[in-house]
Amino acid sequence: MLLEEGQFYMQHAFNNGRMPSAILIAGNLQGDAARLATVVLQIAFCRDEKRPCGVCQHCQRVKNQTAFDIFWVAPEKKSRQIGISQIRHNIILPVSQTSMEGGWKAGVVQQADCMTNEASNAFLKTLEEPPPLTFFILLTDSPEKLLPTIISRCQRLDITDSQ
């Protein structure tokens, strides 16, 4: 699937009230997979009639990873892993609290395949019963390394970089 197809698919899902609670975006983490994650977040957090506008403060905060209700986690530099404490403190705890802006909340797991087994299992419980108005984006270039139970709870989008 190309970036434009993924964007159309997610725009349609959002507009029809069918936003998945978990989205697995598999592809180039420096390319269109990462761009699709940004667009999906902008679709949910933009306040413009024509979402995503790409220029409002909400879209800019998403792009700069400074949006109040989006929580990010990535592998720690030394271990190159995402541990259980990162998942608990940076994703599970913040999404279980009230939204700061009164709308959606999102958790983004960059390089999701780097989660330890303990982190994956802790995260799985939240994926099974996500809080209201909350969704998760898992980004990976190696989806085969994820637990099958995590994959089964996600809407999977395999993104091929456009040439």
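The values are calculated or read from the model by the stated rules, or taken from the named source; none is laboratory data. Everything numeric in this text was worked out from a predicted model, so none of it was measured. A quick note on method: Cβ atoms are made from the backbone with ideal geometry, for glycine too, and the neighbour counts reach across all protein chains shown. Keep in mind that these areas ignore ligands, DNA and RNA; they rest on the heavy atoms of the full protein, side chains included. Shrake-Rupley method; radii C 1.70, N 1.55, O 1.52, S 1.80 Å.
Considering only region 123-163, state which residues are over 17 Å from TRP104 (Cβ atoms) and part of a strand (DSSP E or B).
LEU139, THR140, ARG156, LEU157, ASP158
Out of all the residues in region 113-134, which are closer than 16 Å to ARG88 by Cα and touching a Pro at 6+ places or on another chain (Cβ under 8 Å)?
CYS114
Anything in region 87-144 that is hydrophobic (A, V, I, L, M, F, W, C), open to solvent by 50 Å² or more (accessible area, probe 1.4 Å) and farther than 17 Å from THR66 by Cα? List them, or say none.
Once the filter is applied, which keeps residues that are hydrophobic (A, V, I, L, M, F, W, C), open to solvent by 50 Å² or more (accessible area, probe 1.4 Å) and farther than 17 Å from THR66 by Cα, region 87-144 yields LEU93, LEU133.
Sort out which residues of region 1-51 are touching a residue at least 60 places away in the same chain (Cβ under 8 Å), part of a loop (DSSP other than H, G, I, E, B) and open to solvent by 10 Å² or more (accessible area, probe 1.4 Å), and write them in order of number.
Of everything in region 1-51, those that are touching a residue at least 60 places away in the same chain (Cβ under 8 Å), part of a loop (DSSP other than H, G, I, E, B) and open to solvent by 10 Å² or more (accessible area, probe 1.4 Å) turn out to be MET1, LEU2, MET19, PRO20, SER21, GLY27, ASN28, LEU29.
Give the number of residues within region 52-74 that are closer than 30 Å to THR116 by Cβ, outside any helix (DSSP H, G or I) and either modelled with pLDDT of 95 or more or open to solvent by 30 Å² or more (accessible area, probe 1.4 Å) (or both).
Residues in region 52-74 being closer than 30 Å to THR116 by Cβ, outside any helix (DSSP H, G or I) and either modelled with pLDDT of 95 or more or open to solvent by 30 Å² or more (accessible area, probe 1.4 Å) (or both): 10 in total.
Based on this model, can you work out whether GLN86 counts as part of a helix (DSSP H, G or I), out of contact with any Leu (no Cβ under 9 Å at 6 or more places or on another chain) and not basic (Lys, Arg)?
Yes; evaluated as a whole, the condition is true for this residue.
For region 152-162, name all the residues that are of a type in the set (Val, Ile, Thr) and surrounded by fewer than 17 Cβ atoms within 10 Å (Cβ to Cβ).
The one that is of a type in the set (Val, Ile, Thr) and surrounded by fewer than 17 Cβ atoms within 10 Å (Cβ to Cβ): THR160.
Name the residues in region 64-91 that are over 17 Å from ASN121 (Cα atoms) and over 15 Å from the mean Cα position of the chain (by Cα), would you?
Keep residues of region 64-91 that are over 17 Å from ASN121 (Cα atoms), which gives 64-72, 76-80.
Passing the criteria: GLU76, LYS77, LYS78, SER79, ARG80.
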